[in-house]
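First up is the structure itself, then whatever we jot down about it.
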Amino acid sequence: MKFFIDTANLDQIKEAHELGILDGVTTNPSLMAKEGISGDKNVIDHYAKICKVTSGDVSAEVISTDFEGMVEEGKKLAGIAENIVVKVPMIKDGVKAISYFTEHGIRTNCTLVFSPGQAILAAKAGATYVSPFIGRVDDTCWDGMQLIRDIAEIYSVQFFDTEILAASIRNPMHIVESAKSGADVVTCPLKAILGLLNHPLTDKGLAKFLADHKNAQK
Ligand code: G3P
């Protein structure tokens, strides 16, 4: 399973990259706004900076919601670097745009996916990645992880090539459960990735090893 980081924050992207476990980055308009990035030139420059940190796939989301606008914007984004993946929302014109990008060799990430039916459409259009939003499904008191399992089953029996990118990950257990449920990729906040490190017995064991080593030097 690939690990993407879900942020536009360069320091956090660098920190994850330095761990040696980073396979890519996803962003969205909210995450870009959180970093204070606005205006076409600044957005493009920021994606270029992210693409310099990692050679893994970097999802850059279109803002347009009509087919022509998405195609124009997606082409510009795809021109930034070879590892850019154009992120397109799961709406009617979005499906049309994903089909267009597929025909023209531009890789895509279909975002805002909340049902197996939407995931089937994304795969039929040839999306490189489909992004089911686990946390936001859980927020509505439905089962986000069941969505991953359903999509994994459908893609497996139908031999779809689209990779399942589990998004809206909120905690380390979402990562573990996504791995068990058949996600090809998880995109997570740095905090959730670092949360995987934690175990009190590791801390206790290390303290004992170091204490024993120190005593042996006396
Ligand atoms: O990148 C999309 C997704 O990961 C958003 O997560 O926490 O805003 O639901 P969240």
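The values are calculated or read from the model by the stated rules, or taken from the named source; none is laboratory data. Note that this is a predicted model, so its numbers are computed, not measured. Positions of Cβ are backbone-derived with ideal geometry, glycine not excepted, and every protein chain shown enters the neighbour counts. Note: areas computed on protein heavy atoms with side chains; ligands, DNA, RNA excluded. Shrake-Rupley method; radii C 1.70, N 1.55, O 1.52, S 1.80 Å.
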Relative counts (whole %) of C-alpha pair distances in the chain, using bins that are 5 Å wide
1, 7, 15, 17, 19, 15, 10, 5, 3, 3, 2, 2, 1, 0, 0
Please give the helix 40-53 orientation as an angle from the longest Cα principal axis of the chain, in degrees from 0 to 90, rounded to the nearest 10.
40
Per the helix-only model, the chain has a calculated mean residue ellipticity at 222 nm (DSSP H runs of ≥4, -39500 (n - 2.57) each, divided over all residues, rounded to the nearest 500) of -16000 deg cm²/dmol
Given 5 Å bins starting at zero, what is the percent of C-alpha pairs of the stretch 38-108 in each, up to the one with the largest pair distance?
3, 19, 30, 24, 16, 7, 1
Which angle between 0 and 90 degrees, to the nearest 10, do you get for helix 200-216 versus the longest principal axis of the chain when only C-alpha atoms count?
40
Can you list the residues, at least 5 places off or on another chain, whose amide H is less than 5 Å from the amide H of Thr26, using H built in the peptide plane?
Ile5, Asp6, Thr7, Ser59
At q = 0.16, 0.19, 0.20, 0.23 Å⁻¹, work out log10 I(q)/I(0) for the stretch 84-170 with the Debye formula, treating every Cα as an identical point scatterer and leaving solvent out; two decimals please.
-0.54, -0.75, -0.83, -1.05
Helix 172-181 against the longest principal axis of the chain: what's the angle in degrees, Cα atoms only, rounded to the nearest 10?
60
Which peptide among 190-196, 202-208, 148-154 comes first, and what is the full order, when sorted by highest mean count of other Cβ atoms within 10 Å?
148-154, 190-196, 202-208
What is the magnitude of the charge dipole of the chain about its Cα centre, with +1 placed on the Cβ of each Lys and Arg, -1 on the Cβ of each Asp and Glu, and no other charges, expressed in debye to the nearest 20?
680
Determine the relative contact order of the stretch 76-160: mean sequence separation of Cα pairs under 8 Å and six or more apart, normalised by residue count, in whole percent.
23
What is the Cα coordinate range of the stretch 104-218 on the first, second and third principal axes, sorted by size from largest, in whole angstrom?
69, 36, 24
Over all distinct Cα pairs, what is the inverse of the mean 1/r for the stretch 1-42, reported as the Kirkwood hydrodynamic radius in Å?
11.0
Can you run phi through the Karplus equation (6.51, -1.76, 1.60; θ = phi - 60°) for the stretch 149-158 and list ³J(HN,Hα) in whole Hz, with x for Gly and Pro?
4, 5, 5, 4, 5, 4, 5, 6, 6, 9
How much accessible surface does Phe114 have with a 1.4 Å probe, in Å² rounded to 10?
90
Which three semi-axes in whole Å describe the equivalent ellipsoid of the stretch 167-218, each the square root of 5 times a Cα gyration tensor eigenvalue, listed largest first?
35, 10, 8
Using a Förster distance of 22 angstrom, determine the FRET efficiency expected from the C-beta separation of Asp11 and His199, and round it to 0.05.
0.25
Between the residues Ala207, Ser55, Thr111, the Cα farthest towards the positive end of the dipole of the chain, that dipole coming from +1 and -1 charges on the beta-carbon of Lys, Arg, Asp and Glu, is from Ala207
Beta bridge orientation in the stretch 18-152: antiparallel %, DSSP, nearest 5
0
Relative contact order, percent, of the chain when contacts are C-alpha pairs under 8 Å separated by at least 6 residues?
16
Kirkwood hydrodynamic radius for the stretch 143-194: how many Å is it when counted over pairs of different Cα atoms?
11.1
